[in-house]
1. For the chain, what is the accessible area per residue in Å², given a 1.4 Å probe and the full set of protein chains?
2. Quick check: net charge around THR33, other residues with Cβ under 13 Å of its Cβ, Lys/Arg +1 and Asp/Glu -1?
3. Please list, by residue number, every one of the chymotrypsin sites (Phe, Trp or Tyr not before Pro) in segment 1-82 that is coil in DSSP and has at most 15 other beta-carbon atoms within 10 Å.
4. Scan the chain and hand back the longest stretch that contains none of the trypsin sites (Lys or Arg not before Pro) lying in DSSP loops with at most 16 other Cβ atoms within 10 Å.
5. Pick out, from PRO60, GLN4, TRP30, the residue whose Cα sits farthest towards the positive end of the charge dipole of the chain, with +1 on the Cβ of Lys and Arg and -1 on the Cβ of Asp and Glu.
6. Using just the helices of the chain, give the 222 nm mean residue ellipticity in deg cm²/dmol: DSSP H runs with n ≥ 4 each add -39,500 (n - 2.57), and the total is spread over all residues, rounded to 500.
7. For TRP30, which sequence-distant residues (separation of 5 or more, or a different chain) have an amide H within less than 5 Å of its own amide H, given hydrogens modelled in the peptide plane?
8. For the chain, what is the relative contact order in percent, using Cα pairs closer than 8 Å and at least 6 residues apart in sequence?
Amino acid sequence: MINQTFRIIIEPDTSGFHGYVPALPGCHTWGKTIAQTKKHLREAMELYIECLLESDEVIPEDNSYESFETVSVKRPARRAKSRSRQYA
């Protein structure tokens, strides 16, 4: 039995959620809910790794670093539309 931890990313999609595993190129899935997407990701990861093992390929390690950064940006002053543009 092989146990390995991978970072997953889940993002809102047009009608549900898109999930992927950055350390496993091409390992993407979709679900209607976050829970369903996580379930599908687990299945996709298991199949992905099984295929690697069957092909005697190396299982990638997730050595990435994740951080969240907050930036402050001054909103530019709104300019009034010129009349020529406003009625064009």
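The values are calculated or read from the model by the stated rules, or taken from the named source; none is laboratory data. Note that the coordinates shown come from a computational prediction; the quantities given were computed from them, not determined experimentally. Quick reminder, even Gly has a Cβ in these numbers, built from the backbone with ideal geometry, and neighbours come from all protein chains shown. Heads up: the accessible areas ignore ligands, DNA and RNA and are worked out on the full protein's heavy atoms, side chains in. Shrake-Rupley method; radii C 1.70, N 1.55, O 1.52, S 1.80 Å.
1. Heavy-atom accessible area per residue stands at 90 Å².
2. Working: positive: LYS32, LYS38, LYS39; negative: ASP13.
Neighbourhood net charge equals +2.
3. Listed in order of number, the matching sites are TYR65, PHE68.
4. Numbers: sites that count: ARG7, LYS32, LYS74, ARG78, ARG79, LYS81.
Answer from the scan: 33-73.
5. Farthest along the dipole direction, towards plus: TRP30.
6. Details: 2 runs with 25 residues, N = 88.
It lands at -9000 deg cm²/dmol.
7. For TRP30, the qualifying residues are GLY19.
8. On the way: 82 pairs, mean separation 16.4, N = 88.
So the answer I get is 19 percent.
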